[in-house]
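A.B. asks: Here it is: the structure, laid out below.
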Amino acid sequence: MTNRIAFVTGAGSGIGREISKTLALRSMTIVVADIHSNNAEETVSMIKKQGGEAVAINCDVTSLESVRNAVKESVDIFRKIDVLVNNAGWDKVEPFLKSEPDTWKRIVDINLMGQIHTCKEILPVMIENGYGKVVNIASDAARVGSSGEAVYSAAKGGVVALTKTLAREMARHKININCVAPGPSDTPMFQEIGTYNEGIKTALEKAIPFRRLAQPEDIAGAVAYFTSEDAKFVTGQTLSVSGGLTMV
Amino acid sequence: MDLKLRKKNILITGGAKGVGRGIALALASEGANIALHYQTSETEAIETARLIEENGVKVVLVTGDLASLEDVQNMRTKINRDLGTVDGIVNNAGYAQFKSFFDYQPREWQRELDVCLNGVLHLAYTFVPDMIANNSGKFINIVGDSARTGDRNLIVSAAARSGAISFLKSLAQDVGSSGIQCNTVSLGLIDQGQSFHEATLAKIIKQYPLKRLGKVDDITGCILFLLSSTSDWITGQVLPVNGGHSMV
């Protein structure tokens, strides 16, 4: 099998790191794209330790120029990108009426515009290459809403819709584009939320039929499925990985 | 990659030919033991069982009408005796009539409801208690996309299968704390050697962004994923394999 190159954003920590490690175990070479270079380097060492190949590339997904440079750097090294995982994300949980425009902008820039930027730069590379799999990380908040996450859920809802339309436009190029919607996950982002929202973890564990938060590897399995040939007839779809918290 | 299916006992209904046979062989090649259900296609079922055995795994043939709870309970008795308790179920069997609602005679729709909805209830009622006792299990029901989008010529079976989707979501909530996953796979039109007029086929394919009908091995990947340990946090979901035909 050809060596596949996977470009994973936000790959320096949490779910992005686990996705990178999982894809590397499936013989993909990983471009660990992250705004925090130290974290990206750490992920690269972990992948190398498990016998895989990876490079760290600095990438601020909120800037089209930064994404363009990161993609150029990757293509200069590997000549192609086969798989894109749009994982970079961020949120600040607070009631909508207490939130401020600067926060809204940051949330939309990272969660929605970030994925638009990488698609704009990477889809042409895939079209030229005649192969491509894109997995966009959304959130169950996009599907059912989530108190304290009004703008985040709107941005992630945008990701779900972006996935469907791009899947239609790219189908003629045999590029599959799908969406994974994680439920509440035990990640650095969630731990950050826990510092100012006590009790959220216990409340969620009670509500989830499987009685636990997602671990990053739970999400990585679904991403790996969409990037595999097992899912070659699947496009434009959204898969919740939520321990049964939501069923839409 | 080891999907951890070795020596698991998986029941596949409607497994004599087509999609069911494909799924059975894919699972057998991963080392799973197969309980192969058929209703009328005995010759094909025997041939499928022979092909399964070539993988060095155990196979038990069971026959019965899923519309009959008694038949399903007899299936369990035979499987438990010859193979052991069932770890996973793939309900592929179904029954549909292709016509407009007003072309039905009164009660002519009953069989579709009995197989496509009551059959799922019968399987769950009979086999899930063993899974609860084992504190693990995976139940997959296969439906057509018509269950979610409607189809004027599949009006009754689509309704029955939509009911089955809802049933599995509720069941997922009920048995989640026992580590049991219940998911639905929703298919587009699969090429199983039907004879379409060329013009009809072209018209159908136009509705698929990936511009082809599904193949049996498009489905096996999804089933393997849902039965494997990489999808352990996914429950109550509908996972489409439909070439982008619908994106709901």
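The values are calculated or read from the model by the stated rules, or taken from the named source; none is laboratory data. If you're wondering where the values come from, they're calculated on a predicted model, not measured in any experiment. Don't worry about glycine lacking a Cβ; one is built from the backbone with ideal geometry, like all the others, and counts go over all protein chains shown.
A.B. asks: Answer yes or no as to whether A:GLY12 is small (Gly, Ala, Ser) and out of contact with any His (no Cβ under 6 Å at 6 or more places or on another chain). Show your work before the answer.
C.D. replies: Values: small (Gly, Ala, Ser): yes; out of contact with any His (no Cβ under 6 Å at 6 or more places or on another chain): no.
No.
Yes/no matrix, rows are residues, columns are (1) within 19 Å of the chain's Cα centre (by Cα); (2) charged (D, E, K, R); (3) facing chain A (nearest Cβ under 10 Å); (4) under 21 Å from B:PHE127 (Cα atoms):
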site: B:GLY188; (1), (2), (3), (4): yes, no, yes, no
site: B:HIS197; (1), (2), (3), (4): no, no, no, no
site: B:LYS206; (1), (2), (3), (4): no, yes, no, no
site: B:LYS215; (1), (2), (3), (4): yes, yes, yes, no
site: B:LEU227; (1), (2), (3), (4): yes, no, no, yes
site: B:THR230; (1), (2), (3), (4): no, no, yes, no
site: B:PRO240; (1), (2), (3), (4): yes, no, yes, no
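A.B. asks: When you scan the range A:184-231, how many residues do you find that are charged (D, E, K, R), within 10 Å of chain B (Cβ to nearest Cβ) and more than 17 Å from B:SER228 (Cβ to Cβ)?
C.D. replies: Within the range A:184-231, the subset charged (D, E, K, R) is A:186, A:192, A:198, A:201, A:205-206, A:211-212, A:217-218, A:229-230.
Going one step further and asking which of them are within 10 Å of chain B (Cβ to nearest Cβ), we end up with A:211-212, A:217-218, A:229-230.
If we keep only those that are more than 17 Å from B:SER228 (Cβ to Cβ) as well, we get A:211-212.
Counting residues in the range A:184-231 that are charged (D, E, K, R), within 10 Å of chain B (Cβ to nearest Cβ) and more than 17 Å from B:SER228 (Cβ to Cβ) gives 2.
A.B. asks: While we're looking at this one, here's another question. Checking the condition surrounded by fewer than 23 Cβ atoms within 10 Å (Cβ to Cβ) and under 20 Å from A:SER240 (Cβ atoms), which residue from B:VAL248, B:VAL241 passes? Talk me through it step by step, then tell me what you get.
C.D. replies: Working: B:VAL241 fails: surrounded by fewer than 23 Cβ atoms within 10 Å (Cβ to Cβ).
Checking each option against the conditions leaves just B:VAL248.
A.B. asks: Spot the failing condition for B:ASN183; the list is (1) part of a helix (DSSP H, G or I); (2) within 11 Å of another protein chain (Cβ to nearest Cβ); (3) under 25 Å from B:ASN118 (Cβ atoms); (4) touching a helix residue (DSSP H, G or I) at 6+ places or on another chain (Cβ under 6 Å), and only one is missed.
C.D. replies: Of the numbered conditions (1) part of a helix (DSSP H, G or I); (2) within 11 Å of another protein chain (Cβ to nearest Cβ); (3) under 25 Å from B:ASN118 (Cβ atoms); (4) touching a helix residue (DSSP H, G or I) at 6+ places or on another chain (Cβ under 6 Å), the odd one out for B:ASN183 is (1).
A.B. asks: Provide a single number: the residues in the range B:162-177 that are buried (at least 20 other Cβ atoms within 10 Å of the Cβ), small (Gly, Ala, Ser) and within 10 Å of another protein chain (Cβ to nearest Cβ).
C.D. replies: Residues in the range B:162-177 being buried (at least 20 other Cβ atoms within 10 Å of the Cβ), small (Gly, Ala, Ser) and within 10 Å of another protein chain (Cβ to nearest Cβ): 2 in total.
A.B. asks: Checking the conditions here, which among A:LEU162, A:LEU97 is free of Cβ contacts under 8 Å to residues at least 12 places away in the same chain and aliphatic (A, V, I, L, M)? I'd like the intermediate steps shown before the answer.
C.D. replies: Details: A:LEU162 fails: free of Cβ contacts under 8 Å to residues at least 12 places away in the same chain.
Within the list A:LEU162, A:LEU97, the selection yields A:LEU97.
A.B. asks: Residues that are of a type outside the set (Lys, Arg) and within 16 Å of B:LYS138 (Cβ to Cβ): list the strands (runs of 3 or more DSSP E) wholly contained in the range B:4-70 that include at least 1 such residues.
C.D. replies: Details: elements: B:9-13, B:33-38, B:59-63.
Correct list: B:9-13, B:33-38.
A.B. asks: Does A:VAL241 satisfy the condition of being crowded, with 23+ Cβ neighbours inside 10 Å, at pLDDT 95 or above, closer than 26 Å to A:MET28 by Cβ and more than 9 Å from chain B (Cβ to nearest Cβ)?
C.D. replies: No; evaluated as a whole, the condition is false for this residue.
A.B. asks: May I pose another question? Taking the stated definitions as given, is A:SER37 out of contact with any helix residue (DSSP H, G or I) (no Cβ under 6 Å at 6 or more places or on another chain), closer than 12 Å to A:THR118 by Cβ and hydroxyl-bearing (Ser, Thr, Tyr)? Don't jump to the end; show me each part of the working.
C.D. replies: On the way: out of contact with any helix residue (DSSP H, G or I) (no Cβ under 6 Å at 6 or more places or on another chain): yes; closer than 12 Å to A:THR118 by Cβ: no; hydroxyl-bearing (Ser, Thr, Tyr): yes.
Here the answer is no, as A:SER37 does not meet what is asked.
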